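Asker: Let me begin by handing over the structure; questions about it come next.
The values are calculated or read from the model by the stated rules, or taken from the named source; none is laboratory data. Bear in mind that the values here come from a model prediction, so they are computed numbers and not experimental data. Here the Cβ positions follow ideal geometry from the backbone for every residue, glycine too, while neighbour counts run over all protein chains shown.
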Number of protein chains: 2
Amino acid sequence: MMDYKTVSLSDQVFEHLETDILSGKYQRGEIITELQLCSELGVSRTPVREALRRLFQEHLIEDTPKGTMVLGITPKDYLDMSEIRLRIEELAVRGFIANMTEDNRKELNEAVDFQEFYLTRGDVDHLRALDGQFHEIIYAGCGSRVLQDTLAPLHKKIQQYRHNALQAPLRARNSVQEHRAILEAITARNADLAVEKMRQHIENAIDRALNGQEK
Amino acid sequence: MMDYKTVSLSDQVFEHLETDILSGKYQRGEIITELQLCSELGVSRTPVREALRRLFQEHLIEDTPKGTMVLGITPKDYLDMSEIRLRIEELAVRGFIANMTEDNRKELNEAVDFQEFYLTRGDVDHLRALDGQFHEIIYAGCGSRVLQDTLAPLHKKIQQYRHNALQAPLRARNSVQEHRAILEAITARNADLAVEKMRQHIENAIDRALNGQEK
DNA sequence: TTAGGTATTATTGTATACACGGATGCAGGG
DNA sequence: CCCTGCATCCGTGTATACAATAATACCTAA
């Protein structure tokens, strides 16, 4: 899973900028220039440009005559991404069950175990990271590189976008419980049930994001 | 629709390489180096690198210690992409109908008209280009940037991959007829019918690709 | 002959210099 | 006062130089 090469400045800049855009540090419509980023990040234009090209590919930014305009994720984008997930995450779940090895199952199990552990601690940072891992384990094990490549960016953006949703302890508890239910259905190789649980999980996540912080 | 800036070398290199990879000119597993591409294309490393980064983002290539390895599209990738399309192209069709303007409808109509024209000429190059346009008009008019960004790359890769399918005149005729049927359902704003026609169209395309050149 | 170590080479990662083009501001004329 | 044209500046596009790293080949010694 580990790449052979050490993380380059390009990659670091890319992830840094992606995080800042998705987290809202850079507002939609804001103009940023390469030189500005260079001085902010202390690197030359080459890695900055390569990072911007990748962000452009993901349509998180847009070129304008005055520089690079931040686009980011809109509420509608969030709903659209969730709608797509509702349709194809099912494929990933079925693929995961079909290709499941004991190692895969254990990995997924551990992710949920850790979630329950951090839930008792109220450690939202770890919870959020593990929430991402849970789904990415399924993507990685679904047997389809294409499906993985399609779903992983969607989920990453969705997660960052509603990154406040898990802040509420009750929300986090529900989310972990849903993960547990999905895991149990997967472990039982009950694909139909797992798919149904996943669908509920995604729909609930949408509700949580839409309803904001209320219980 | 037109970008404000003229097409850069980076973009040209990107499209050139993407085409060559998808068309099979560069075989899967083949190693290419930046300098090799520079001399082949007569440009410096900067645009080549930026193009490679974008291809990497699309997982068409992979970095290795010896250079850049071509990945391209496998038959399984093709099926996986088609499966995803089957699930979410429906969203695009429904969105297109919901957001349809007279201009949109006309544009789609023209695309099919031209297809029928070029069909009588047996002009497979134009037919292929219009086949792509037909779907991209729907993506562009579906009202969801996310959906467009998800479907467009899939369709581009699928189309390039099975670029021989439309060579057979009978196949091309069927494809155009299917487009006409979809268009009619869309024009009638019959979303359920349009979706069903689209589903058949995608499934037929899969069959055409799987069954190769036989009638 | 073979194994090991070193030197060389090949390739990428990064920084920077130069060129080009559009936007901006200012000045002059209507 | 506004409009137009020119000069300047800002930002990006491209090329190239330099650095670092990893693979390879060769040479030497056992």
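Asker: Considering only residues that are crowded, with 19+ Cβ neighbours inside 10 Å and away from chain A (no Cβ under 12 Å), look in the stretch B:69-105 and name the one that is nearest to DNA strand D (Cβ to nearest atom).
Answerer: Step by step, filter the stretch B:69-105, then rank; the result is B:VAL70.
Asker: Residues that are within 10 Å of DNA strand D (Cβ to nearest atom), outside any helix (DSSP H, G or I) and buried (at least 16 other Cβ atoms within 10 Å of the Cβ): does the stretch B:15-27 have at least one?
Answerer: Taking every residue of the stretch B:15-27 in turn, none turns out to be within 10 Å of DNA strand D (Cβ to nearest atom), outside any helix (DSSP H, G or I) and buried (at least 16 other Cβ atoms within 10 Å of the Cβ).
Asker: Quick one: how many residues across the stretch B:13-48 are within 15 Å of DNA strand C (Cβ to nearest atom), modelled with pLDDT under 95 and either among the basic types (Lys, Arg) or not assigned by TED's automatic domain parsing to the domain that holds B:ILE61 (or both)?
Answerer: Qualifying residue count for the region: 0.
Asker: Could you give me the residue pairs with C-beta distances under 6 Å whose first residue belongs to the stretch A:68-86 and is in the same structural domain as A:LEU52 (by TED's automatic domain parsing) and assigned to a helix (DSSP H, G or I), whose second residue is acidic (Asp, Glu) and at pLDDT 95 or above wherever it lies, and which are 6+ apart or on separate chains?
Answerer: Filtered contacts from the stretch A:68-86: no entries.
Asker: Looking only at the stretch A:112-125, how many residues end up being more than 20 Å from A:GLU196 (Cβ to Cβ) and in contact (Cβ under 8 Å) with a residue 60 or more places away in the chain?
Answerer: Just the residues of the stretch A:112-125 that are more than 20 Å from A:GLU196 (Cβ to Cβ), to begin with: A:113-125.
After this cut, where a residue has to be in contact (Cβ under 8 Å) with a residue 60 or more places away in the chain as well, the list is A:115-116.
So the answer is 2.
Asker: Here's a follow-up. What's the number of the only condition in (1) within 13 Å of another protein chain (Cβ to nearest Cβ); (2) in a helix (DSSP H, G or I); (3) within 11 Å of DNA strand C (Cβ to nearest atom) that B:THR6 fails to meet?
Answerer: (2)
Asker: For the stretch B:175-197, enumerate the residues that are touching a residue at least 40 places away in the same chain (Cβ under 8 Å), surrounded by 14 or more Cβ atoms within 10 Å (Cβ to Cβ) and under 17 Å from B:GLU107 (Cβ atoms).
Answerer: Of everything in the stretch B:175-197, those that are touching a residue at least 40 places away in the same chain (Cβ under 8 Å), surrounded by 14 or more Cβ atoms within 10 Å (Cβ to Cβ) and under 17 Å from B:GLU107 (Cβ atoms) turn out to be B:VAL176, B:HIS179, B:ARG180, B:ILE182, B:LEU183, B:ILE186, B:THR187, B:ALA194.
Asker: Turning to a different aspect of this structure: Can you tell me which residues in the stretch A:87-110 are without any contact (Cβ under 8 Å) to a residue 60 or more places away in the chain and within 16 Å of the chain's Cα centre (by Cα)?
Answerer: Correct list: A:ALA92 only.
Asker: Would you point out the residue of the stretch A:24-40, among those that are in contact with a helix residue (DSSP H, G or I) (Cβ under 6 Å, 6 or more places away or on another chain) and away from every other protein chain (no Cβ under 14 Å), that is farthest from B:PRO47 (Cα to Cα)?
Answerer: Per the criteria, the residue is A:TYR26.
Asker: So, restricting to helices (runs of 4 or more DSSP H) that lie completely within the stretch A:113-200, which ones have at least 2 residues that are among the hydroxyl-bearing types (Ser, Thr, Tyr)?
Answerer: A:145-161, A:169-187
Asker: So which residues in the stretch A:41-67 are in contact (Cβ under 8 Å) with a residue 40 or more places away in the chain and more than 18 Å from B:GLN12 (Cα to Cα), if there are any at all?
Answerer: Within the stretch A:41-67, A:ALA51, A:LEU55, A:GLU58, A:LEU60, A:ILE61 meet the criteria.
Asker: Any chance the stretch B:159-172 includes a residue that's surrounded by 18 or more Cβ atoms within 10 Å (Cβ to Cβ), of a type outside the set (Phe, Trp, Tyr), within 25 Å of A:ARG87 (Cβ to Cβ) and touching an Asp or Glu at 6+ places or on another chain (Cβ under 9 Å)?
Answerer: yes
Asker: Among the residues of the stretch B:46-55 satisfying the criterion of being within 10 Å of another protein chain (Cβ to nearest Cβ) and over 18 Å from the mean Cα position of the chain (by Cα), which is nearest to A:GLN148 (Cα to Cα)?
Answerer: Across the stretch B:46-55, the extreme among qualifying residues is B:ARG53.
Asker: Among (1) more than 22 Å from B:GLY143 (Cβ to Cβ); (2) away from DNA strand C (no atom under 16 Å from the Cβ), there is one condition A:ARG54 misses while meeting the rest; what is its number?
Answerer: (2)
Asker: Same structure again: Being over 21 Å from B:ARG145 (Cβ atoms) and either more than 7 Å from chain A (Cβ to nearest Cβ) or of a type in the set (A, V, I, L, M, F, W, C) (or both) is the filter here, so list the residues in the stretch B:56-68 that pass it.
Answerer: Result: B:PHE56, B:LEU60, B:ILE61, B:GLU62, B:THR64, B:LYS66, B:GLY67, B:THR68.
Asker: Filter the stretch B:58-79 down to residues that are under 16 Å from the mean Cα position of the chain (by Cα) and at negative phi and give me whichever is nearest to DNA strand C (Cβ to nearest atom).
Answerer: B:LEU60
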